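The structure appears below as structure tokens.
Just so you know, all these numbers are worked out from the coordinates, no wet-lab data involved. Here the structure is a predicted model, which means the values were calculated and not measured. Using ideal geometry, Cβ is built from the backbone for each residue, glycine included, and neighbour counts are taken over all protein chains shown.
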Amino acid sequence: MIEYWNPQIERMPVEELKDIQGEKLCNLVKYVYEHSPFYRKRFDDAGIRPEDIKSLDDVTKLPFTYKKDLRDTYPTGMFCVPNNKLVRFHVSSGTTGKPTVVGYTDNDIKAWTTSLARAMTSIGVGRDDIMQIGYGYGLFTGGLGMHYGAEETGCTVLPASSGNTDRQIELMQDLGTTVIGCTPSYFLFMIEAAKSAGISFQDDTDLRVGVFGAEPWSEEMRKRIEESAGIKAYDIFGTSELSGPLFTECREQKGIHIWADQFLVEVIDPGTGEPVPNGERGELVITTLVKEALPLIRYRIGDITVLNWDECECGRTHPRIMRVLGRADDMLIVRGINVFPGQVESVLMKIPEVGEHFMIIVDRINELDLMKVQIEMTDVGFSDKVNDIINLEKKVASALKGVLNIAVKVELVEHGSLPRSMGKAKKVIDNRKL
Amino acid sequence: MIKQISLFAENKPGRLASVSDKFKGAGINIRAFTIAEAGDFGIIRMVVDDPDLAHKVLHDSGFTVSETNVLGVEMEDVPGQLGMIAEVLGEKDINIDYAYAFVTRTEKAFLIVRVSDIRGAVKVLGDAKIKLLDMSDVQNI
């Protein structure tokens, strides 16, 4: 097993990395100005000339790019290359609106593959492994992205895609899968399905590593997954606009390494657009330094995170973003207070009497926001005395209030009654007409 | 002592039908039955002829279900009986968490009761010469 995919780059001193970033940024600005009418107009409107960008520090002079820009120029209005240079399209799922189209040149695919090969190596996955990819294949970037990255490391890939859970579990046992990649909610669903068939991931499979992403999940959920399946669970991060899944945590599990020679990361105050100090929470902004088909300048991803440039114990010098705390898009504002579904999840994970499946329902009644959380009852929490159940609801409500600072009505529902998802789990129903 | 089947159910149409349907399929007969309703949810409590099978059938169908030890108390079907039993328990400071009753084809009535101290209750009711049911009595009702 190798420790680093590319030790020279992954352990490069920070100053050298920043020099590379500065150089690539200047070239990128010239490139998009010349090749994309969209960026040319955006820069002209902001009064920016490519020659104004002389170093890494000048990045803050550049205007932001938003998801809306990709939608407004649908399908390919922001591309910097003609069709004959493209080797692939992916189309986003459109979970938060109209879909967006991403194009890739041959080099774009190679860079994406390299990014994941470094990431997979950093969690100790390589040619001795069999990886079952339970992310959807097709227009979604999850399946094919992981596939190329895993193959690059020499790992044997089982392209299972999502769904068909019984078959997945059967193949996992028959072929000796050691690594699984899928959404964390789907993996929990698989654990449940295996359990009801009398199969324990811990005792009856060779599974040792899980790579979970495409939706936010908490530290408590990680513990639950690791304990119930007997594996190490790592977070993977990326979005289709940037290529797809790109980065993971390393074996330290203390943040997701963003390859600084490929991407420039900033964390800003979402209100003012100003950078926040190292180590403070803010909105993630990413500039693609090497993409050819669809480069993005200061792209407002919308995830809330913390950036950390401190050197990691794994020896990698590339900065880490702390596990994504939620999406600015997923954030609910209830009675003027910001609420992330991830906060609700971490509270529930600490209460063994209730299950990890929940749904947040927000209504507005007589001009007042009412937040209700439905949670599935478990065998552990069930008592045949009405009072015990009411007390459990109160206990959960008070734990939620302690974290969210708003009153929440808790409703226990039957096991299995909330929707399970094969892809991104829907955790919020907002009935307010805002 | 009697094993009671207790079941968590959301308060919405069709839930009871679903339970009953599972029992029908497994040939389980319900002897006594009550629903405690509390707003959004309810707890269905049942005495059946085969509680272990009932538990398995419901659990395998995805219900949240438990088996609870309760007392089955035989009463004469005449005025004053219920009060007498409650008094015996009350004197020993044994609380009744919940209770429900049913009459049979004979002159007897049965009271199903969950108490705070089941061993204590068995003793004081026995001392008062009150007959308690066991599972074989339930099967013969």
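The string of couplings for the stretch A:67-72 from the Karplus curve (6.51, -1.76, 1.60, θ = phi - 60°) is 4, 4, 4, 5, 5, 5 Hz, one whole number per residue in order, with x for Gly and Pro. Annotation: Cα Rg of the stretch A:118-189 relative to the compact-globule expectation 2.2 N^0.38 Å equals 1.02. Just checking the listed ones, A:367, A:356, A:274: in the Gaussian network model of chain A with Cα springs under 10 Å, the one fluctuating most is A:367. Sorted from longest to shortest, the spans of the Cα atoms of chain B along the three principal axes equal 42, 32, 26 Å. Subtracting the Cα-Cα distance of residue A:398 and residue A:432 from their residue separation scaled by 0.36 nm leaves 9.9 nm.
For the stretch B:2-69, the Cα-based Rg and Dmax, in that order, read 10.9, 31 Å. Within the stretch A:104-147, which residues have the backbone N less than 17 Å from the label spot 7 Å out from residue A:11 along Cα→beta-carbon, could you tell me? Zone members listed by number: A:118-119, A:121-124.
From the helices alone, meaning DSSP H stretches of at least four residues, give me the mean residue ellipticity at 222 nm for the protein assembly as shown, per-run term -39500 (n - 2.57), in deg cm²/dmol to the nearest 500.
Calculated mean residue ellipticity at 222 nm is -10000 deg cm²/dmol.
By the Cα gyration tensor, the stretch A:332-430 has an equivalent ellipsoid whose semi-axes, rounded to whole angstrom, run 21, 17, 12 from largest to smallest. Rounded to whole numbers, the Karplus 3J(HN,Hα) couplings from phi for the stretch A:408-415 are 10, 8, 9, 10, 7, 10, 5, 4 Hz, using 6.51 cos²θ - 1.76 cosθ + 1.60 with θ = phi - 60°, and x at Gly and Pro.
Which number comes out as Rg/Rh for the protein assembly as shown once both Rg and the Kirkwood Rh are worked out on C-alpha atoms?
Working: Rg = 30.0 Å, Rh = 27.3 Å.
Ratio of gyration radius to Kirkwood radius for the protein assembly as shown: 1.10.
The length gained by stretching the chain between residue A:406 and residue A:19 to full extension, at 0.36 nm per residue less their Cα-Cα distance, is 134.7 nm.
P(r) for the stretch A:1-329, from all Cα pairs and a bin width of 10 Å, is 6, 26, 35, 23, 8, 2, 0 %, short bins first.
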